[in-house]
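Peer 1: So that we are looking at the same thing, I have put the structure below in structure tokens.
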Amino acid sequence: MSDAENTGSEEMILSFLAEAGDEFVSGEVISDKLGFTRTAVWKHVEGLRAQGYRIDASPARGYRLVGVPDRLGPLEVRPLLATEDLGQTLHYFEAVDSTNDRAKELAEDGAVHGEVVIAEAQRAGRGRRGRTWSSPSGRNLYLSVILRPDLPPTRAPELTLVGALAVCDALRKAGVDAGIKWPNDVLVGGKKIAGILTELSAEPDHVHWVVLGIGVNLNARTEDFPAELRDEATSVLIERGQPAPRALFAAALLLTLEHWLTVHREQGFDAIREAWRSRSVTLGRTVRVRMGDRDIDGVAEELDLSGALLVRTATGVERVMTGDVVLLRPR
Ligand code: BTN
């Protein structure tokens, strides 16, 4: 049997055991339902155990799943995935330079809408505006989603706000009080917990692909961040005092992202804008916007119909398309 066939069979057995929860499932039921011999079932269970799955076996009662390894591979994520298309093809790596770079290569080679690159670690994780993204192994979530939206390139930035919305909602479901700082930083208590890096290839009237790169600090401890970030960054573990199950979070995030992408496609940017505004920690605040060559200070008044931030300054209203927002006064 090839490696891929083995993985497929192990995945089927795992889904079966996961669905049964705390209950035992007899080897006979598994072999009947999946069409394997009893010996093959036993061999696959052994294969799963060798990969860190804890599976109880009782001659009278069968098999029961009692523990899964903290990994983000297809075996861990796929059984939890309830999406139609996002993540149905998962490209998993122990380490890559950047999941965005890998996703861009795949997109150029013809990857379809919804393919996801996910890694345990990044050697050269990238943030916005040329910054690096701290990517320690096995602690956080680093993934990139390939999208093929039917949008003119001018509307592609809307997808970054869709991504921020999905990340914010997934974090709230995971029990942290997340909010969005324009355009797409996700903060908890003023500290950054997640970021999004969007890259695309387009012609003047057509988007070939968009790569939505998402980094979420899930189980990083303070000492996992570089010293200069320790006061500015946080994670679910730091906020809640207990680790987040990473595979479960990844599956929930992809489902939430698929939901908001559907809303965007069917109802347009207005619906996204409303949802984004209600989760914003920027609107109504006194801010400094760093725009490369100059800074502007003012009050962040509104997200406009194209996703730009409107800032009221001493001299009038400025429309900001790109930049870094610093929240000046704590609320
Ligand atoms: C930012 O806030 O500056 C954006 C951070 C984006 C980080 C993610 S991690 C997965 C993907 N791969 C990368 O190299 N970057 C994005």
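The values are calculated or read from the model by the stated rules, or taken from the named source; none is laboratory data. In this text, all values refer to a predicted model and were calculated from it rather than measured experimentally. No Cβ is skipped: glycine too gets one built from the backbone with ideal geometry, and neighbour counts run over all protein chains shown. Protein only, heavy atoms only, side chains kept; ligands, DNA and RNA dropped before computing areas. Shrake-Rupley method; radii C 1.70, N 1.55, O 1.52, S 1.80 Å.
Peer 1: Checking the condition within 29 Å of Ala244 (Cβ to Cβ) and within 23 Å of the chain's Cα centre (by Cα), which residue from Gly52, Gly87, Gly110 passes?
Peer 2: Gly87
Peer 1: Does segment 55-70 contain any residue that is within 16 Å of the ligand (Cβ to nearest atom), in contact (Cβ under 8 Å) with a residue 24 or more places away in the chain and hydroxyl-bearing (Ser, Thr, Tyr)?
Peer 2: The answer is no, given that none of the residues of segment 55-70 is within 16 Å of the ligand (Cβ to nearest atom), in contact (Cβ under 8 Å) with a residue 24 or more places away in the chain and hydroxyl-bearing (Ser, Thr, Tyr).
Peer 1: On the given criteria, is Ile13 farther than 30 Å from Val207 by Cβ, under 27 Å from the mean Cα position of the chain (by Cα) and either within 16 Å of the ligand (Cβ to nearest atom) or of a type in the set (A, V, I, L, M) (or both)?
Peer 2: yes
Peer 1: Mind listing whichever residues of segment 38-72 are surrounded by fewer than 15 Cβ atoms within 10 Å (Cβ to Cβ) and small (Gly, Ala, Ser)?
Peer 2: Scanning segment 38-72 gives Ala50, Gly52, Ala57, Ser58, Ala60, Gly67.
Peer 1: Would you pick out the residues in segment 181-191 that are open to solvent by 10 Å² or more (accessible area, probe 1.4 Å) and either within 18 Å of Ala271 (Cβ to Cβ) or part of a loop (DSSP other than H, G, I, E, B) (or both)?
Peer 2: Passing the criteria: Pro183, Gly189, Gly190.
Peer 1: Here's a check for you: in segment 117-140, which residue that is more than 19 Å from Gly73 (Cβ to Cβ) and more than 8 Å from the ligand (Cβ to nearest atom) is least open to solvent (accessible area, probe 1.4 Å)?
Peer 2: Here the answer is Ser134.
Peer 1: Here are Leu75, Leu86: which of them is assigned to a loop (DSSP other than H, G, I, E, B), aliphatic (A, V, I, L, M) and surrounded by 18 or more Cβ atoms within 10 Å (Cβ to Cβ)?
Peer 2: That would be Leu86, the only listed residue that is assigned to a loop (DSSP other than H, G, I, E, B), aliphatic (A, V, I, L, M) and surrounded by 18 or more Cβ atoms within 10 Å (Cβ to Cβ).
Peer 1: Then there is this: Count, please, the residues in segment 121-180 that happen to be small (Gly, Ala, Ser) and assigned to a loop (DSSP other than H, G, I, E, B).
Peer 2: Counting residues in segment 121-180 that are small (Gly, Ala, Ser) and assigned to a loop (DSSP other than H, G, I, E, B) gives 10.
Listed here are the residues, each with its yes/no results for (1) farther than 24 Å from Leu248 by Cα; (2) within 10 Å of the ligand (Cβ to nearest atom); (3) open to solvent by 50 Å² or more (accessible area, probe 1.4 Å); (4) not polar (S, T, N, Q).
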site	(1), (2), (3), (4)
Asp101	yes, yes, yes, yes
Glu105	yes, no, yes, yes
Glu115	no, no, no, yes
Arg148	yes, no, yes, yes
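Peer 1: Suppose the filter is in contact with a helix residue (DSSP H, G or I) (Cβ under 9 Å, 6 or more places away or on another chain) and acidic (Asp, Glu); does Asp150 pass it?
Peer 2: yes
Peer 1: Tally up the residues in segment 1-37 that are at pLDDT 90 or above and surrounded by fewer than 15 Cβ atoms within 10 Å (Cβ to Cβ), please.
Peer 2: Within segment 1-37, residues that are at pLDDT 90 or above and surrounded by fewer than 15 Cβ atoms within 10 Å (Cβ to Cβ) number 6.
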